[in-house]
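Trainee: Let me give you the structure first, and then I'll get to my questions.
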Amino acid sequence: MPIQILTAGGTIDKLYFDAKSEYEVGEPQIGEILREAGVTADYDVEVVLRKDSLEMTDADRCTLVRRATDAEAQHVLITHGTDTMVLTARALREALAGDGDMPTKTVVLVGSLSPARFKASDAVFNIGFAMAAAQTLSPGVYIAMNGQVFRPEEVRKNAEANRFERAGNASEAATSPEER
């Protein structure tokens with residue numbers, strides 16, 4: 001069964017038009033990146049959203065969670081903006097846990113801190129790393145960023161250092177978009 005790739009937009013797919021940082025979320029880049037890398041794993045790409053994650057609403061998040069939980073594939077990869085990635089990962093974890101059952105799917109969220117179209121982007125590495133993670137991790141929800149795999153309850157985005165890092169404890173884990 002192929003890996004189901006769901007795209008939600010975010011920096012990874014952004015197009016910038018001028019020095020004043022006007023942008024739009026463009027076509028998903030993941031399919032082209034995987035083709036250029038010669039990835040032979042079966043995958044199917046579905047566009048779910050094309051939004052900056054700061055503009056994502058609760059309804060958008062519910063749509064993404066529903067699409068991931070309804071997917072027939074046991075391995076799901078989601079491209080997502082980094083500002084609210086942790087929030088979506090937590091919503092997915094809750095949805096997949098259901099009535100306390102163990103998750104039966106492996107869901108990995110990935111993004112980039114600069115657009116895939118930029119020469120010095122982390123997008124290509126992050127996508128390759130996330131593809132490997134989606135195929136090898138046990139069922140559950142994960143974030144694959146900066147060469148590390150994180151569980152939603154133990155990660156935060158450090159915007160000042162421009163990276164994802166392990167939160168020391170649950171109270172340090174990100175709780176608002178500004179902290180992600």
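The values are calculated or read from the model by the stated rules, or taken from the named source; none is laboratory data. From a predicted model like this one, the values you see are computed outputs, not experimental measurements. Glycine gets a Cβ as well: all are built from the backbone with ideal geometry, and neighbour counts include every protein chain shown.
Trainee: Out of the stretch 116-135, which residues are more than 14 Å from VAL76 (Cβ to Cβ), assigned to a helix (DSSP H, G or I) and of a type outside the set (A, V, I, L, M)?
Mentor: Correct list: PHE125, ASN126, GLY128, PHE129.
Trainee: Could I ask something else about it? Given the residues ALA144, ALA134, ALA130, which is the only one that is of a type in the set (Gly, Ala, Ser) and touching a residue at least 60 places away in the same chain (Cβ under 8 Å)? Give the derivation first.
Mentor: Details: ALA144 fails: touching a residue at least 60 places away in the same chain (Cβ under 8 Å); ALA130 fails: touching a residue at least 60 places away in the same chain (Cβ under 8 Å).
Every option except ALA134 fails the conditions.
Trainee: Okay, moving on. Identify, please: which residue in the stretch 136-162 is aliphatic (A, V, I, L, M) and in a loop (DSSP other than H, G, I, E, B) and is, among those, surrounded by the fewest Cβ atoms within 10 Å (Cβ to Cβ)?
Mentor: My answer is ALA161.
Trainee: Follow-up. Of all strands (runs of 3 or more DSSP E) completely enclosed by the stretch 1-67, which ones contain at least 2 residues that are surrounded by 15 or more Cβ atoms within 10 Å (Cβ to Cβ) and modelled with pLDDT of 90 or more? Explain how you work it out, then say what you get.
Mentor: Details: elements: 3-9, 14-16, 23-25, 43-51.
Here the list reads 3-9, 43-51.
Trainee: Further question: Just name the residue that is modelled with the lowest pLDDT out of those in the stretch 68-113 that are surrounded by fewer than 22 Cβ atoms within 10 Å (Cβ to Cβ) and within 14 Å of the chain's Cα centre (by Cα). Lay out the reasoning, then the answer.
Mentor: Let us first name the residues in the stretch 68-113 that are surrounded by fewer than 22 Cβ atoms within 10 Å (Cβ to Cβ), namely 69-74, 87, 90-91, 93-105, 113.
Going one step further and asking which of them are within 14 Å of the chain's Cα centre (by Cα), we end up with 87, 90-91, 93, 113.
Details: LEU87: 95, ARG90: 94, ALA91: 94, ARG93: 93, LEU113: 79.
The qualifying residue modelled with the lowest pLDDT is LEU113.
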